[in-house]
Each structure stands twice: as structure tokens, then as C-alpha cells.
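The values are calculated or read from the model by the stated rules, or taken from the named source; none is laboratory data. Bear in mind that the values here come from a model prediction, so they are computed numbers and not experimental data. Backbone-built Cβ (ideal geometry, glycine too); neighbour counts: all protein chains shown. Calculation scope for accessible area: heavy atoms of the full protein, side chains included, ligands and nucleic acids excluded. Shrake-Rupley method; radii C 1.70, N 1.55, O 1.52, S 1.80 Å.
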Amino acid sequence: MPRDGEQSVVILTRLCCSLLPDRELAHPTLDSWLSLTDLLQRCCHCEASHPEETGSAWGCPPFAMPPSRKLYAKVELSKLAVSPTQKAAIQALYDGGVIQPHVYDAADLSMQASVRDFLYAHGLDSDSRGKLEGQWNVVWSNSWKSGAEGNVNHLKSACGYDSIERQASESLKRSTNEHSKPSQKKWERRNPFDHTGCLAHVEITDQSLDGAVMRIQGYLEHNEACQSSCLRRIPPIPLHPHVYEVALEQLKRGDGIASVQSRNVQMVQDGAYRDMSSYDRLTANCRYNLLPHDSIYLYRLLSKAQGVDVTREAQYNVDDWLNERSPHFRPEIREAVFHYSSRADAGERLKICISTKDMDESAWRIAHHSLVMLDGTFGLCSSRLLLFVTMGVDGDGKGVPLALFLFSAPTGNRASHAGYNREILRELLTHWRNHLSCTCPDTPFTPFVAITDTDVKERLALLDVWPNLWLLLCKFHVRQCWTNKRNSLLKAKAGDTWKLHVRSRLQNLESQLMDTTDHDVALKLILDERACFNMIGQLGGTSAAHAAEAGLGFLDYMVATWMPIPLWQSWSLKGRTWASVLLNKPVKDIVSTTNHLESFNNLLKNKYIPRWKYSRSRLRFDFLLHILITRILPEVFRAQRAARDYRGWIADRFYKQAGCTDINEAVRAAEEARRQQAQSQAQLCWWPHDARRTEAAQAILQARLLHSIQQDGEHQFSAQCISTAVPPGRPCTVMEISQHYSLYLHRTGQGSCSCLDFMNRGGACKHLRALRLCIDSWVGTHLTLRFYYPATIEAAKAILTASCTPFAEETATAAVINNVFTLGHLSAEYGNIDEEEGREEVASSDSDTRSECAREIGEQSHESDGLDGVWHGSMLNLMSGQDAAVNLQVQQHTEQTIQSLLPRLHGLAVLLADAPKLPITDSIQEFQQVLQAVDSALSSAIGTSQSSSGLQNQPVPVEQLHNVRHPSNPSRKRSGPALLPPSPEGSQKRKPSRSTL
């Protein structure tokens, strides 16, 4: 006992009382006092009979009783990365009583001073442990906050660390986790000291508040090899905290890692970091230079700063953010997510539907009783997740995201872009409709028009949710299907004159079909082209016959696939005219493509998300969800509000100066007038006498620069002309291709050419005069009707404003140029000159067309408060055609898929007939389940009562085709069911579309 026995008794009594339950101290009983007396006697007896346990063996002051029972915890020997020999020796030390805990009074200042001296002597104080050359490594640490807050640090001698044993233990952990693969590569030792088998280790327990040591337990004797060891590798050198602070601020602003590294170099050179003025190169234990591997930790810190714990699996982070009972609950994220479904089983999907307050308000403002777009994308994160976006168009023609649907692809799915179906889209769209309708119970959210690409699953899901929706097809995606089919039939190369000619005619036909508002007229255009191709095949020789056959095949494809009336209404000008009546808008204001949505997806992938990426690696889906809700979507709406505010300020600022009108509207109207005037001026072409240009036109024909002449309908010819600046006799270079001019000439004498002479002057240029010479020769041989050429600009304007053409008395069917020699002679073989097939906007129809459509549905005007006066009579018939159009698409997709699969399935049937008994593998089992599902679905679709193939097995739901159960392995203990992550997404690139449907 110490000299001051009374003080020790007081201390021991106080500490012993802390070990008794509070209720016994509040109401002491005889048993309580007996227990306290027994504790005091045992403490005194322990100190007297076992002096080696009081710290005397280490030269430490005698212990005092611990303030917390956590000090009795056993040392975690299983976490020591040591060899089996070391582990057995250390265990023997504990079993033999060589290693005993040494407990100290945190309130005794003299005792704590002695403890600090003891730690310093063994290199265990905080300063010594912070030195780069120190031989102690922290193996693990822990802390607690109940009672007196404290920390436990377990340190191991660097020479006792066994990297081979550490790799074996990590591989064992990864082998039990289905989402991790053990490394096959042998680890390279990075510890600065070599392994000597040293047994030294120690566990230090201290208080968080003042660092007072409460317990020390371990073995501090180093072996001889350890005591004489030297550094063999560069030790890990920590980065100064100020460097992290500056770098994180840059990353939060959206700067890339290259910008961070550049600024670091500059600040190191300028000595601008904190504490650099007192930096001693010989004793420094940190660095300021940012190394390449630091970027990994930087992005982890960035994730932590955003509230994303990257040490946990992503699905648990998301689940905790949306769980109000979780300590990690994030109300701002929960408020933006109107539907969430976790993935607790392999057959389930992760579903997250996002709609912020700004998106809800925009949906009611611009999409209710208006138009919506729907499309999806993938490849946004490291998991197989698809993102579908609904979008509206505001009054300024800008796309506004209205809802985001994030869901996982099915387990076993081969490609993310195919990991969705009608059911999942219908479910998510229904949740969105119900979510919006909850804000206005008396008015269900109902769009009138929707535009999508050619995907039938999207169109079917939209009709399931809103049966009276008028569906439009994106013009670009339709033209893309046509282009794919045309390219598969017409493999035109440089010098294939007839194929180039047929291709040019088909391209013009496609543009004309897009602008049709009458189905009979559209069919007439196809019939005219069929007659032309038949004539070319009969009179043009072998190469012409092949080209004509390809053209006829394309026309058959168009008639069978795209010309049924319900489907024709979806992509033609007729469909957009109906939409203009429903929405009470001009046809020119009805969007014809999904370009707004494609642009938003492009901005997500190439502008907003890359600023958060590290080394082009895809984001975790929890981080993606977090930045979508807290950063990206708010930024999108802030930018739109700023643009609206700016236009409003412009209108207010110049209201009086603009004549008490909105100057924005005035500028927009002036631009529209200039555009229309430019279009009208471009149509003006007059033919004054010009000997110089006429001679140049003759030279063009002699040089065979005019090519690809074709007749567009009854009254117009078009052609291509190579610039006279291109040297003759050799193929065109890439730069010279842009010097080809497109021109056309109408029977009224009106024409156009893309050359600068015509664009700046308006009169007939030498290229148009060359085309006129060709046409005049055909008129002289009665191959076509005669043309009229106005000599003055006034005459040209009079023709445009006249109610009839100068040839109103003449009628003729579409003439077919059957002079094969003329075509062959005028077609210059200068290579394949591709015409750009951009997303040109369809010209809007005039008010007469809209009035005609309104009369067809028995309504002269459209009320904005609903469809009560519109949805009757022929309108009901029109809407019923939407189901027919989608069913036609399903039929066509089904037949095309069957035709592509049948040959291989027949071959597989022959192979299996001759094969011996096969073992059941995952692939065979999955294939059998797919066959059963297809057989069941096909039997239901064609209306048979039993499966046509006679399969006796029960049909498997489509959602369960890829269900493979895996053991779950959450990263840490938590309450609630175990959650499964989405399947990992491999690196993928968007492949060019080859679809023809």
C-alpha cells in the first residue's frame, strides 16, 4: 500500500462503488456493503501478493482501479497479422501469465507522468509513434462514448508484421463475400522493415478528453533481429492536412484532379501551405507534394464530405438515408424520393424514383394536359442500373426534367440497356402519376401527348398508365431505322452510279413521307417510286437492275412495316397535326424528336457527372443518387431560373424603350420574320441573259461535274454539282467534298443552289444553268414537260404569289427518265458523296391543316381545361388506333426476332438430338427456363389454351428467369434484413444502332 493509506482507501472505495449497480448505491443493503468490503479486500490482497501485476515489472507506478469495466476486455489477438509460429508463442505468453494488464488512475497526475515517461522510453508516446522511422504500427483501434470516452489502440512491432499471413486472412474474408474476388497476385511487402518474427505488441487504452492512460497490456521485448533492423523501404509519408483542405475545396467546385495537382505544385513552390515556414526537411514527418496515389484518398474524403460512407456497401447507405429510424437518415434525400424499394432477394429490383419540389411544380406547369417525353440511359455508375427520365418542354422551348426512375437490371442480365420491360416501366410511371395526383386530389395528373423512340416497351407502359394518351414517334429514331434498312440493302461505294442514284431517291422519298398529312398521298409517293425503279431495272443494265431491286425491297419494307395507318400517324406530319389540335398549339411548336431528353442525358454523362469521377471510374450508385438530388438537379433548376430571371430583367429594363412591349417577344418575332423572309428569298430565282454564266454552265457539262440528277415528283429536278475549283481527273479529297453544291429546279423556273453566288445574289448561277441545259434537252425529246424561266425578279415573285402555275392547263404523271445514256453520261464518278442525314425539323403545316383536323374531330377550338369536348366520335376511333400501332410494332419485333433465331434454334435441336446426356449447368437451366417462359407467353399471345410445344413444366415468370440466390454478406452488423447490391456493371460503350424497327 502507498504511504498515505487513508487516501488510497478513499480512492479504492470510490472506484469500487463505481462497479456496483446504481440502484444498490442509492438504496444500500447489507449485501451491498459486503460486496464493497469484499472488493476492497481483494484489491489490497492483489497488490500485496502480486506486485508484478502492478507495473513494477515494467517500472511503472502501481495501478488504481479502473473507472470502467471496458478495461477488462481481452486483447484481440486474432487481428494480429503474424505467422502461425508467432501466434503460438504469443498465446503461450498469455496462457502462462507472463502478460498481465496494467491499469492506472487517470486522475493521478504523478502516476500519469510516470506512465508518459514509460511510453517515451519504449517509443510508444504520441510523438514517437508519429515519426516516420518508428517501429510501432497501429494494427487496429476502437473507441467508446458511454461513460468516460476512451480509445483503444493496438500496436504491433513493424518487424513482427507478416504480409503473407495478412494476405491469407484477407483472401479468406473475400472468399466468403459473393461481391468480392480474392486477389490471385502475391502481395509485395510495403512495411519499411523486414519481417523478423518479433513478438512485441501492446494495447493502450486512454481517455479521449486528455489522453490519460488507463491500461497497458502487451509484450514489449523485441528480438535481436528487430533491435538491429534498418529501414529497407520508404515508409508511408502522410500528406499535410492543409493540402487536403485546399484540394477538397477544388474538387467540391468541380475542378478536375489535373487542376488540383497544378495548384499544388504552384503552392509548394510559393510556400503557401500552412506550417511551411517552420518546415524542417531533416525531421519533418509529413509532406506537401501531392503524389498520384493521393487522389484515391482525396476522392474518398470527397465522398465523406458529401455524407457518403464508402466503407459501407452502397445499398446500406441508401437504405439508411431513406429510413427515418436510422441514425444516418437524410431528410433532404427522403423528401426527393417518392418511391423506394430495396433489393433483399436475388429476384427483386432496386427501385428509386426521384422528383424534387421543383420537378413536381414543373410537371404540373408544363406537362399536365400537355406533352411529355420518355427515354432511358445506362452506364452512369458502377452497378447495372438504368435511368429513365420523363421530360417536358417549357414556354421557351427548353427541356425540363420532371422525374427520374433509377432501377437495377435483373440478376444475370447480359446488358443493362436491355434490363427493363413493360411491367417495371408501368409500375414506376404509376407511382409517379399517383405521387403528383396526391398534391391535387381533385385533378389527376394527365398528359395529353407523349413522344418516345421506337421502343414498344415504353409506348405500352405509357398507354397502360394513360390509356387516352396520343403517342408520337421521334422523327430521328424513325429515320435512323430507315437508314439502317437502306444501308443493309444498298451497300453503295464510290463509282456505284445507280446505287447512289437509288439511294438519293429514297432519301428524298423519306423526307416527303415525313411531311405527309394524307395516307393516300403517302402511298402514291411510294407507288411513283416503285414505277421509277421498275423502269430503271428494265432499261439500265445489270448494275441498274441490282440497284432497282434494292430500292424495291426498301419500298416493300416501308409499306409492310411503317405504312399501316395507325403507325403512319405516329411519325408523319399528320400525327403532329393531331397533337397541335389537342394541345391548342401551332404545329411548329410540337416537338418532333426527343432531342431535349437526349441532350439532358448527354449533359449528365459529359458535364455534371464527370466532375465527380476519379480517373474516369464510374461512381458508386449511392454517390450518384446523392449528387443527383443534392447537387445536379438543384443546379439544373437554378440555371433555368437564372435564365428566366435574366429574360424578365431584360423585359422590365427596356419595357418603355421598346414601346411598352416585351423586347424578348419583339426580338423573337423579328427573328422569325427574318427567317421566313430568308426562306422566301432563297426560293426566288430569275433568269436574266448572262452569256458568261451560260458559257460556264456548258463547261460544267463538258467536265462532267453535274451528277446525281433525279426527278422529285412531277415538276422538279434536283442534282449535285462539283465545284470547278476541284482539279478534274482525280478523286476528291475530304476538304474538297465540302465544295459540292446541291441544287434543284422547278417547272416554274424557281430553283436554289448552295453556292455563294446564288446565296448572295439570288439570280440563276452557272450550276443552275447547267441543270437547265440538261432539262431543256429532255424537253426537246419529250422526256419531260416544258419549264418556264422568269427573266426578272418581279416575275419570279409574281409566280410565287399567283394562285396557279403557268402550266395549269398541262397535266402529266410522274415522268421517268428512261434515257439511260443521258443518266450515265451526266453521272460523274467522283466517289461516294454522303448527304448528311441530320435531325432536320419538319416544316410546320399552316392553319388550314389544323382547322381541317379540328373539323374531323368535330371541334373548332380546344378548351384548356380538359378533353371533355374533344374526346368523342372520331377522336375515340383515333385513340383506339394507338393500341393498334403499338401492337403492330410488337408483331413486327416478334417476327423479326423469330426469323433471326430460328436457324440457330434448328441447329441446336439437331445438335441436342445426337448429344449424350448432358449435365445440368446454370446456362442450360436458364435456357430451359427461358424456353418455358417464351412458350407460355406465346401461347397466351396467340390465344391457345395450352403450350404449343407441349412442355409440361410450369411457366416461369419473366422476373424470375435470372434468380440465383447468393448468401448475403453485409459490411457490418445492422438491424433489419440483409440487402443485396445491384449486379456490377462492366465497362461498356454505346454501340451504333442497327435496328430497323
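Output the number of residues of region 664-716 satisfying the condition of being at pLDDT below 75, over 46 Å from the mean Cα position of the chain (by Cα) and more than 29 Å from ARG505 (Cβ to Cβ).
Summing the residues that are at pLDDT below 75, over 46 Å from the mean Cα position of the chain (by Cα) and more than 29 Å from ARG505 (Cβ to Cβ) in region 664-716 gives 0.
Can you name the condition, by its number, that ASN317 falls short on among (1) closer than 20 Å to GLU249 by Cα; (2) surrounded by 14 or more Cβ atoms within 10 Å (Cβ to Cβ); (3) of a type in the set (S, T, N, Q)?
(1)
Go through (1) modelled with pLDDT under 90; (2) open to solvent by less than 90 Å² (accessible area, probe 1.4 Å) one by one and return the number of the condition TYR288 breaks.
Among (1) modelled with pLDDT under 90; (2) open to solvent by less than 90 Å² (accessible area, probe 1.4 Å), TYR288 violates only (1).
For region 492-514, how many residues meet the condition of being surrounded by fewer than 18 Cβ atoms within 10 Å (Cβ to Cβ) and over 34 Å from the mean Cα position of the chain (by Cα)?
Residues meeting the conditions: 4.
Check whether at least one residue in region 378-393 is at pLDDT 90 or above and either open to solvent by 10 Å² or more (accessible area, probe 1.4 Å) or not assigned by the TED database to the domain that holds VAL337 (or both), and report yes or no.
Within region 378-393, one or more residues are at pLDDT 90 or above and either open to solvent by 10 Å² or more (accessible area, probe 1.4 Å) or not assigned by the TED database to the domain that holds VAL337 (or both).
Is it true that some residue in region 539-559 is at pLDDT below 85, surrounded by 14 or more Cβ atoms within 10 Å (Cβ to Cβ) and not in a helix (DSSP H, G or I)?
Yes, some residue in region 539-559 is at pLDDT below 85, surrounded by 14 or more Cβ atoms within 10 Å (Cβ to Cβ) and not in a helix (DSSP H, G or I).
Quick check: is even one residue across region 89-100 at negative phi, outside any loop (DSSP other than H, G, I, E, B) and crowded, with 19+ Cβ neighbours inside 10 Å?
In the first step, residues of region 89-100 are kept if they are at negative phi; the result is 89-96, 98-100.
Those left that are additionally outside any loop (DSSP other than H, G, I, E, B): 89-95.
With the extra rule that they be crowded, with 19+ Cβ neighbours inside 10 Å, the set shrinks to 90.
Yes, region 89-100 contains a residue that is at negative phi, outside any loop (DSSP other than H, G, I, E, B) and crowded, with 19+ Cβ neighbours inside 10 Å.
If a residue has to be assigned to a helix (DSSP H, G or I), over 19 Å from LEU387 (Cα atoms), modelled with pLDDT under 90 and not polar (S, T, N, Q) to count, how many in region 429-480 make the cut?
Final tally of qualifying residues: 1.
Any idea how many residues of region 628-659 are among the hydrophobic types (A, V, I, L, M, F, W, C) and open to solvent by 80 Å² or more (accessible area, probe 1.4 Å)? Explain how you work it out, then say what you get.
Of the residues in region 628-659, the ones among the hydrophobic types (A, V, I, L, M, F, W, C) are 628-629, 632-633, 636-637, 639, 642-643, 649-651, 654, 658.
Okay, now just the ones that are also open to solvent by 80 Å² or more (accessible area, probe 1.4 Å), so 649.
Number satisfying all stated conditions: 1.
Taking GLY399 as the residue in question, decide whether it is open to solvent by less than 10 Å² (accessible area, probe 1.4 Å), in contact with a helix residue (DSSP H, G or I) (Cβ under 7 Å, 6 or more places away or on another chain) and at pLDDT 85 or above.
Values: open to solvent by less than 10 Å² (accessible area, probe 1.4 Å): no; in contact with a helix residue (DSSP H, G or I) (Cβ under 7 Å, 6 or more places away or on another chain): yes; at pLDDT 85 or above: yes.
Considered against the rule, which asks whether it is open to solvent by less than 10 Å² (accessible area, probe 1.4 Å), in contact with a helix residue (DSSP H, G or I) (Cβ under 7 Å, 6 or more places away or on another chain) and at pLDDT 85 or above, GLY399 comes out as no.
Any chance you could count how many residues in region 117-134 are more than 49 Å from the chain's Cα centre (by Cα) and of a type in the set (Asp, Glu)?
Number satisfying all stated conditions: 2.
With the condition being open to solvent by 80 Å² or more (accessible area, probe 1.4 Å) and not assigned by the TED database to the domain that holds PRO84, I'd like the helices (runs of 4 or more DSSP H) fully within region 198-282 carrying at least 3 qualifying residues.
Values: elements: 224-227, 241-252, 257-270.
Passing ranges, in order: 257-270.
Mind checking whether some residue in region 58-81 is open to solvent by 50 Å² or more (accessible area, probe 1.4 Å), modelled with pLDDT of 50 or more and farther than 22 Å from ASP206 by Cβ?
Yes: region 58-81 contains one or more residues that are open to solvent by 50 Å² or more (accessible area, probe 1.4 Å), modelled with pLDDT of 50 or more and farther than 22 Å from ASP206 by Cβ.
Please work out which one of (1) touching a helix residue (DSSP H, G or I) at 6+ places or on another chain (Cβ under 9 Å); (2) in contact (Cβ under 8 Å) with a residue 60 or more places away in the chain is the condition ASP345 fails and give its number.
That leaves (1) as the condition not met.
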